[in-house]
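Working notes, structure below.
The values are calculated or read from the model by the stated rules, or taken from the named source; none is laboratory data. Remember, it's a predicted structure, so these values are computed and weren't measured experimentally. Neighbour counts run over all protein chains shown; Cβ positions are idealised from the backbone, glycine included.
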Amino acid sequence: MKKVMIIALIVISLVSFSFTRYQERTFGIRINNPVDLKNDILPKPEFIDNLILYYGYQKNIDSQHNSPVSYGFGIYSNLDFDNEYIVRGASFDFAVKVFGVTLFNEGEKLQLGFQGEVFYKKEIFQKEAGSSSNLSDFGSVSFSHYNKIIVNSFTLKPGLRADFIFSKDVTFSGRVNYNIQFFMGAKTETGKEVVSDIEPMNSIDFDVALNIAF
């Protein structure tokens, strides 16, 4: 079942649906890099837990004149099958087309430019503790509950973008981003600081998408 779900998500991640040539609504997938809390007690996220579903919307800054600048936002959530590692996030992004290249004597087929994104992410690590379901144990640690650690972070994602235009309604997009991560600390569910040696995880990643207008 998990293999079928992974294949379905990968197919979905390669398709973005555009209602017009000037705005896009996207359903996709992103592979997440979980924070390393350097603690063997906490659950280790599996591969499927690191597949983040997202919904995005992007709009041309001047739809009447087809400006080279567009902007948008996205919201993110993982699948959370085991209920031990939860990811929620939101982003604001923009793209700037620098120039186009004519290929195959068929007009502008390749567009090159810059892509930028500010990504906020909340990661929740939780582990079930206690086994009692008696109301009299509600005030004790033996009552069934989850111990939680919440980690908030911001990531700046500057990068390059290349769009290959198959037709007016079909575009293949590739993006190379450098991730600059900033952690805002780890806290318990009640807001108390958790002592943990968290280090930024800067990295380079590559995203692809197939945009289909209808």
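Does V69 satisfy being modelled with pLDDT of 75 or more, on the phi < 0 side of the Ramachandran plot and β-branched (V, I, T)?
When the stated conditions are applied, V69 passes them.
How many residues are surrounded by 13 or more Cβ atoms within 10 Å (Cβ to Cβ) and either of a type in the set (G, A, S) or under 16 Å from the mean Cα position of the chain (by Cα) (or both) if we restrict to the range 166-180?
Of the residues in the range 166-180, 8 are surrounded by 13 or more Cβ atoms within 10 Å (Cβ to Cβ) and either of a type in the set (G, A, S) or under 16 Å from the mean Cα position of the chain (by Cα) (or both).
Is it true that E117 is surrounded by 14 or more Cβ atoms within 10 Å (Cβ to Cβ) and of a type in the set (D, E)? Talk me through it step by step, then tell me what you get.
On the way: surrounded by 14 or more Cβ atoms within 10 Å (Cβ to Cβ): yes; of a type in the set (D, E): yes.
Yes, satisfied.
Mind checking which residues of the range 144-165 are out of contact with any Leu (no Cβ under 6 Å at 6 or more places or on another chain), more than 23 Å from Y85 (Cβ to Cβ) and either aromatic (F, W, Y) or at pLDDT below 85 (or both)?
Initial filter on the range 144-165 (out of contact with any Leu (no Cβ under 6 Å at 6 or more places or on another chain)): 144-161, 163, 165.
Okay, now just the ones that are also more than 23 Å from Y85 (Cβ to Cβ), so 156, 158-161, 163, 165.
Answer for the range 144-165, where residues must be out of contact with any Leu (no Cβ under 6 Å at 6 or more places or on another chain), more than 23 Å from Y85 (Cβ to Cβ) and either aromatic (F, W, Y) or at pLDDT below 85 (or both): D163, I165.
Looking at the range 165-208 only, could you name the residues that are part of a loop (DSSP other than H, G, I, E, B) and not hydrophobic (A, V, I, L, M, F, W, C)? Show your work before the answer.
Filtering the range 165-208 for residues part of a loop (DSSP other than H, G, I, E, B) gives 168-169, 188-192, 194-202.
Residues satisfying the conditions are K168, D169, T188, E189, T190, G191, K192, S196, D197, E199, P200, N202.
Considering each residue of the range 96-118, count those that are at pLDDT 85 or above and out of contact with any Gly (no Cβ under 6 Å at 6 or more places or on another chain), and give that number.
The number of residues fulfilling the criteria is 6.
Filter the range 60-72 down to residues that are part of a strand (DSSP E or B) and loosely packed, with under 15 Cβ neighbours inside 10 Å, then give me how many there are.
Narrowing the range 60-72 to residues part of a strand (DSSP E or B): 60, 69-72.
Still in the running and loosely packed, with under 15 Cβ neighbours inside 10 Å: 69.
The total comes to 1.
Consider S196 against the criteria (1) small (G, A, S); (2) touching a residue at least 60 places away in the same chain (Cβ under 8 Å); (3) exposed (fewer than 13 other Cβ atoms within 10 Å of the Cβ): it satisfies all of them except one. Which criterion is unmet?
All conditions are met except number (3).
Just for the range 135-164: of the residues that are in contact (Cβ under 8 Å) with a residue 24 or more places away in the chain and outside any strand (DSSP E or B), which one is surrounded by the fewest Cβ atoms within 10 Å (Cβ to Cβ)?
Here the residue is P158.
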